[in-house]
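In what follows, a single structure is set out as structure tokens and then discussed.
The values are calculated or read from the model by the stated rules, or taken from the named source; none is laboratory data. Quick caveat: nothing in here was measured; it's all calculated off a predicted structure. With ideal geometry, Cβ positions are generated from the backbone for all residues, glycine too; neighbour counts draw on all protein chains shown.
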């Protein structure tokens, strides 16, 4: 794994030679469009619906916005900013419209299935994943500086073209992201542990408060007493349901493995409570307190 | 369960008749001291160590602050703002110093064990629990307006003196808290579900990220990729270890029951992932999304 923030190996400027294409103008695509235009790049975007195109034009999310895939012609780099399901099952018209000399990258939160699907489809494909907030979605969601200081992970393979990788690195540097390269499987396991599985852990907490409250005839009370701690712990479980489902679906194996790890840890803590092992429990919680800053 | 914000049944003023005593000047005691003085009340506080007393005097957390229990003489209401373990095992000098005509209340996050211990000890004891933030602790933690708009729960029993209960309600109204009365067992089950058990759920998540990261040889990666979602979900698990342990210890039965409920919910979600039941999973997550605002 390598990490750096800054210039691409190719030197700055290659990204500016030709327009950048965006497929999709949701949170990630729209935010990229705003930042890239601000950096002086020409941005062309393909969207699915005419109504989206109209609203995206009003928001000036790109210089040219169209529902016709021909808008991508002439682009030197194309970012597939699509939901995971559409990314893994791309429309034939989209595939036909991708210039063979353009570099193609994606923004999906799972990398191994994306590589398996896309590497055979395009010689200059680079799998990547900007780790940016995902509470909002749709054409209204894009904002400036979404990627600033956030990791932008690429998962190149032995057959990834180095010049293509360098161009994606330049893209990440242009939006002030923190560039990281790692193995796709390691990426998928890591995001299962810190993002995809926690959605289910957090959702189960909400369901438990509801069902447990019913069982204790304390439905109203649990709602009245829930405080900032519960709000924090339940936030991602109460987030975008489509996204949560896609993460579990597209990263199924790693998510199931992470749940198994999780169940083991929770059982160990439960056993300490059951056995009145208070000093041992406090020691575990002290470890957690010391551990958490490493993840922030 | 009854709920109201405002005047006590006794009418305003009873609280002002005599000084209010505080035992302990940590987050809750110190914050009460600041708010009550601001409301024009005379506040006297008993603390354990001379060094704490000195610092508390510098911070003006009460009008009189002493390590001698005699400081509580003359108080009409005394708030035991002690950690749960010291509350459940009170010092003999403290018990001897509590005036028999004063109303005594506590601020513990568990109510049934507190009632069992304290109701036989003092005829005017009222069990109560202000639900306020607990990230900070100690003599530096007290702040103004900690209780404003937050629930202040009392758990009276058939033998609770109504006039004593009314005085505690006046205290809660004075610091702008939202008054609630409920059964002690229902309270303990509710806080297990929305506060005590979630600490363990959140701690297990931190441990899983660490152990799972090691197992995947992705120790550094999980730390680099953890984002705001992980920060939120892990916050209470990485919080005060003494407090987390005391909550589990003093509310053991309800916490174990809540973990069982929780395990059931998580297993159901896991089964949906295992069985590729994506529409059903999305439906559950949609329910969670709709449910969460009820807890905020």
Identify, please: which residue in the stretch A:65-83 is without any contact (Cβ under 8 Å) to a residue 40 or more places away in the chain and surrounded by fewer than 16 Cβ atoms within 10 Å (Cβ to Cβ) and is, among those, farthest from residue A:97 (Cα to Cα)?
A:67
Among the candidates A:58, A:50, which residue alone is without any contact (Cβ under 8 Å) to a residue 12 or more places away in the chain, under 23 Å from residue A:136 (Cβ atoms) and out of contact with any strand residue (DSSP E or B) (no Cβ under 6 Å at 6 or more places or on another chain)?
A:58
Going through the stretch A:139-164 in order, the residues found to be touching a residue at least 60 places away in the same chain (Cβ under 8 Å) and closer than 20 Å to residue A:16 by Cα are A:144, A:145, A:147, A:162, A:163, A:164
When restricted to A:143, A:79, the only residue in contact with a helix residue (DSSP H, G or I) (Cβ under 8 Å, 6 or more places away or on another chain) and closer than 23 Å to residue B:226 by Cα is A:143
Selection from the stretch A:240-296 of residues that are more than 7 Å from chain B (Cβ to nearest Cβ) and assigned to a loop (DSSP other than H, G, I, E, B)
A:240, A:251, A:275, A:276, A:277
Which residue out of A:272, A:285, A:266 is touching a residue at least 12 places away in the same chain (Cβ under 8 Å) and in the same structural domain as residue A:203 (by TED's automatic domain parsing)?
A:272
Tally of residues being surrounded by fewer than 17 Cβ atoms within 10 Å (Cβ to Cβ) and farther than 18 Å from residue B:181 by Cα across the stretch B:118-151:
12
Tell me whether the stretch A:209-228 contains one or more residues that are assigned to a loop (DSSP other than H, G, I, E, B) and away from chain B (no Cβ under 11 Å).
no
Test for residue B:193: is it at pLDDT 95 or above and either assigned by TED's automatic domain parsing to the domain that holds residue B:82 or more than 30 Å from residue B:19 (Cα to Cα) (or both)
yes
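Quick grid of which residues meet (1) surrounded by 22 or more Cβ atoms within 10 Å (Cβ to Cβ); (2) within 28 Å of residue B:295 (Cβ to Cβ); (3) at pLDDT below 95:
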residue: A:237; (1), (2), (3): yes, yes, no
residue: A:249; (1), (2), (3): no, yes, no
residue: A:255; (1), (2), (3): yes, yes, no
residue: A:262; (1), (2), (3): yes, yes, no
residue: A:272; (1), (2), (3): no, yes, no
residue: A:276; (1), (2), (3): no, no, no
residue: A:287; (1), (2), (3): no, no, no
residue: A:296; (1), (2), (3): no, yes, yes
